[in-house]
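Colleague: Before I ask anything, let me first share the structure, which is written out below as structure tokens.
The values are calculated or read from the model by the stated rules, or taken from the named source; none is laboratory data. The structure displayed is predicted, hence computed values, not measured ones. Using ideal geometry, Cβ is built from the backbone for each residue, glycine included, and neighbour counts are taken over all protein chains shown. The protein model used for the area step is the full one, side chains on, heavy atoms only, and it has no ligands, DNA or RNA in it. Shrake-Rupley method; radii C 1.70, N 1.55, O 1.52, S 1.80 Å.
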Amino acid sequence: MKKILDVSKLKKIYHTNKEEIFALKDINFDVFQGEFISIVGPSGCGKSTILSILCNLIDKSSGNISLYNGNKIAYMLQNDSLLPFMNVLDNCLIGLKIKGPIKNSDKEYVINLLKKYGLADFIYKYPDSLSGGMRQRCALIRTLAIKPDILLLDEAMSALDYQSRLKIGEDIYKIIKNEKKTAIMVTHDIGEAISMSDRVIVLSKRPAIVKNIYDIKFENLSTPINNRKDICFSKYFDTIWRDLNE
Amino acid sequence: MNDYSYEHINYLKKIKWNNFFVLITRLFIIILFLSLWELFARTGFINTFLYSSPSIIIKTLYRLSITGELLKHLNITLFELTISFFLSTILGITIATIFWSCNFIHKVFDPYITVLNSLPKVALGPLIIIWFGASTNSIIFMSLLISVFITIINVYHGFNSTNENYITMIKSFGATKWQVFRYVVFPSNINNIISTLKINISMNLIGIIMGELLVSKKGIGYLIMYGSQVFNIDLVITCIFILGIISYIMYYLINKISR
Ligand SMILES: Nc1ncnc2c1ncn2[C@@H]1O[C@H](COP(=O)(O)OP(=O)(O)OP(=O)(O)O)[C@@H](O)[C@H]1O
Ligand SMILES: [Mg+2]
């Protein structure tokens, strides 16, 4: 497998008027093509900070991030942030619009994604007519539209109730695998992390360091919901649970 | 349309009736007011020399329109109103945009704008006349002063309270400041801008009439001034009536355009 991203000695200190917040102390990990990686850690330890640095929303304090041979990164935020004054298609095209005039082939690509993932009837509708799950899928397609190699997902499903989370987790997983993308997902749900990922990165509390990285291997690798029934699932769950709470 | 359920049809009917009832009550109030006024005037209960009456106002309106006076003065006032409305809208939005895009400039000018906004502009009237002369320019400038600062403040505040999540989202795609403005900040604020324009148009009208009262030889404000000087109360009240109609039409137009 090809290594496509390498993060080493990443450090981040926030400066505000009142204080300095030491968010990331020493973060090291690498990512291989096609992998699904989850990052779990105590609340406020700096998970979102890692993603924000990776997609250039904020600057790092020090450390090194190498993105190999021109791979593109796209960020899917915690909330869907669909713009209420644009229809679904235009929302999904916004990332492309930023880069320049939209090519017909790109537009077709996005329309196909929308059709493929159950939004065919909503292409020209406004976001307020979508259900929570549809909005999430729409937000995912918006990030896929720029054809990124690596997707960053920040608590992508946390706004939803448990039932929908399982369902959308399943959907998002399938879409990402289908489109052969690499993903780095931040979550506070250990079960979600284990059931979807190839590797789980456990962070310490702030200032964060990487406590452990777990390779997740199931007896019968399947989709997230089925993975939860695998005999290895609870073993990983217990270990990571203990890791997080010590 | 006919696949609505019985309940839904009833619901729609109820809404229709409700709206109709509101309209009828509105009309009733104005008709009652006008008839009582007319009645009191005819029976001598009020002095028409001081309080005029609806029929006299209609006569005055008629007289003013056949002599062409009404149109002349109305044209001037509407012209000044349009110019100052567009100028203050464009100026206000442009300055608000500059403030949004450069925090330094905003910080520097914020206290000045606040002071200028709360300054009673009438107090500046005499100065404006001295500087710009007793002309249309002075009137438009006066109107501009009244509305432009509040436009800047309102529009900037709207820009600044745009949903942060939208901005983070578009920035994550690598949007420039200008793109953030164009695709997120400005469209998010359309409603806010329209309601600012609604306030603006009445602010501008106040400015124009104030200006005309102070300096001009033309316009509805001038007619009011002239009417009060020669003690022609009919003319004064007729002009106020016309102003009411102008305000209503302006408000209606902005509502129409914003849809
Ligand atoms: N822009 C900022 N300025 C100052 N401090 C910040 C900023 N963003 C985050 N922080 C602080 O940095 C720390 C890490 O924040 P971050 O959002 O990365 O944590 P997180 O692990 O994603 O938390 P959560 O689980 O609540 O989503 C927190 O203590 C937070 O208060
Ligand atoms: Mg977070």
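Colleague: Does the stretch A:139-156 include one or more residues that are within 16 Å of ligand 2 (Cβ to nearest atom), open to solvent by 10 Å² or more (accessible area, probe 1.4 Å) and assigned to a loop (DSSP other than H, G, I, E, B)?
Modeller: yes
Colleague: Please state which one of A:SER195, A:SER129 is open to solvent by 10 Å² or more (accessible area, probe 1.4 Å) and over 13 Å from the mean Cα position of the chain (by Cα).
Modeller: After ruling out the rest, the residue left standing is A:SER129.
Colleague: Could you tell me how many of the residues in the stretch B:180-229 are open to solvent by less than 30 Å² (accessible area, probe 1.4 Å), touching a residue at least 40 places away in the same chain (Cβ under 8 Å) and not in a helix (DSSP H, G or I)?
Modeller: Going through the stretch B:180-229 one residue at a time, the tally reaches 2.
Colleague: Test of understanding: among A:LEU57, A:LEU83, A:LEU24, which residue is closer than 30 Å to A:LYS125 by Cβ, within 16 Å of ligand 2 (Cβ to nearest atom) and touching a Ser or Thr at 6+ places or on another chain (Cβ under 9 Å)?
Modeller: Only one candidate qualifies: A:LEU57.
Colleague: If a residue must be in a helix (DSSP H, G or I), more than 14 Å from chain A (Cβ to nearest Cβ) and open to solvent by 70 Å² or more (accessible area, probe 1.4 Å), how many such residues does the stretch B:142-179 contain?
Modeller: 2
Colleague: Do you know which of the residues in the stretch A:52-76 that are touching a Gly at 6+ places or on another chain (Cβ under 9 Å) and within 16 Å of ligand 1 (Cβ to nearest atom) is farthest from the other protein chains (Cβ to nearest Cβ)?
Modeller: The extreme case among them is A:ILE53.
Colleague: Pick from the stretch A:26-51 the residues that are charged (D, E, K, R) and under 13 Å from the mean Cα position of the chain (by Cα): which of them is farthest from the other protein chains (Cβ to nearest Cβ)?
Modeller: Residue satisfying both the conditions and the ranking: A:GLU35.
Colleague: Within the stretch A:37-51, is there a residue that is touching a Gly at 6+ places or on another chain (Cβ under 7 Å) and either within 16 Å of ligand 1 (Cβ to nearest atom) or not in a loop (DSSP other than H, G, I, E, B) (or both)?
Modeller: Scanning the stretch A:37-51, I find at least one residue that is touching a Gly at 6+ places or on another chain (Cβ under 7 Å) and either within 16 Å of ligand 1 (Cβ to nearest atom) or not in a loop (DSSP other than H, G, I, E, B) (or both), so the answer is yes.
Colleague: Among the numbered criteria (1) open to solvent by 80 Å² or more (accessible area, probe 1.4 Å); (2) at pLDDT 95 or above, which single criterion is violated by B:ARG63?
Modeller: If we test B:ARG63 against (1) open to solvent by 80 Å² or more (accessible area, probe 1.4 Å); (2) at pLDDT 95 or above, just (2) comes out false.
Colleague: Evaluate the following for A:VAL110: is it closer than 30 Å to A:ASN87 by Cβ, within 16 Å of ligand 2 (Cβ to nearest atom) and not hydroxyl-bearing (Ser, Thr, Tyr)?
Modeller: No, not satisfied.
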